[in-house]
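One structure is given below, encoded as structure tokens.
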Ligand SMILES: N[C@@H](CCC(=O)N[C@@H](CS)C(=O)NCC(=O)O)C(=O)O
């Protein structure tokens, strides 16, 4: 099985999947889709994902037509089931449910509310857009921080959202932190999240999948 990933360098949902592919030791072909020129809304991309978003994973299997998968969490779950090593949903059922809960706080309750196409409908005024984005990002990260606080007893710095290894929750959290910083929010407002962010940025797979690695060269 081989993969092509249609993505945008600065898209947080794309970073989640790039990072998952790196954890699972897969080496896809990366195909950029430029969100600044609305390439994701052009017929070629809508044929891959009718909702017009990145990321999209093209799954290439011998003697099968290509399959296009969208929705980053569905893609991560597919990779998890296909390549169980280095599990991203680890632990007992309750821990795995916590991982999914944290993923959805980012994926459903935070990121969609400041997706550029949503915010464009709200306002053309930069100050108003920033205020809107900050409101929803703070709301999501505050909830996430509260859940971390209740789950963590140790005084040591927190490295991961759940358990002792990187999980899908971290794959959602760290790119969301990157979006928070782009929206002029200081992570010092969320001390445990900030610790996880700082620690995960030292991990090889996180670094290798980070936006700056995929930033188009001028
Ligand atoms: N729930 C989707 C969200 C995908 C999404 O929102 N992608 C954004 C970039 S992070 C996008 O393609 N936006 C296009 C636009 O705003 O026009 C997922 O997890 O894959």
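Size of segment 2-85 along its principal axes in angstrom, Cα-based, largest extent first?
Answer, in whole Å and largest first: 37, 30, 19 Å.
Please give the length that would be gained between residue 78 and residue 115 if that part of the chain were fully extended, namely 0.36 nm times their separation in residues minus their C-alpha to C-alpha distance (nm, one decimal). Intermediate values should be presented prior to the final figure.
Details: separation 37, 0.36 × 37 = 13.32 nm, distance 2.40 nm.
That works out to 10.9 nm of additional length.
Using only helices, what value at 222 nm comes out for the chain when you add -39,500 (n - 2.57) per DSSP H run of length 4 or more and divide by the total residues, to the nearest 500 deg cm²/dmol?
Working: 10 runs with 110 residues, N = 218.
Result for the chain, helices only: -15500 deg cm²/dmol.
For segment 93-205, what does the convex hull of the Cα positions come to per residue, in cubic angstrom?
Details: hull volume 11.5 nm³, N = 113.
For segment 93-205, the hull spanned by Cα atoms encloses 101 Å³ per residue.
How large are Rg and Dmax for the chain when only the alpha carbon atoms are used, in Å?
Spelled out, the Cα radius of gyration and Dmax of the chain are 17.1, 54 Å.
Values quoted throughout were computed directly from the atomic coordinates according to the rules given, and no laboratory measurement underlies them. This is a predicted model, so every value here is computed, not measured.
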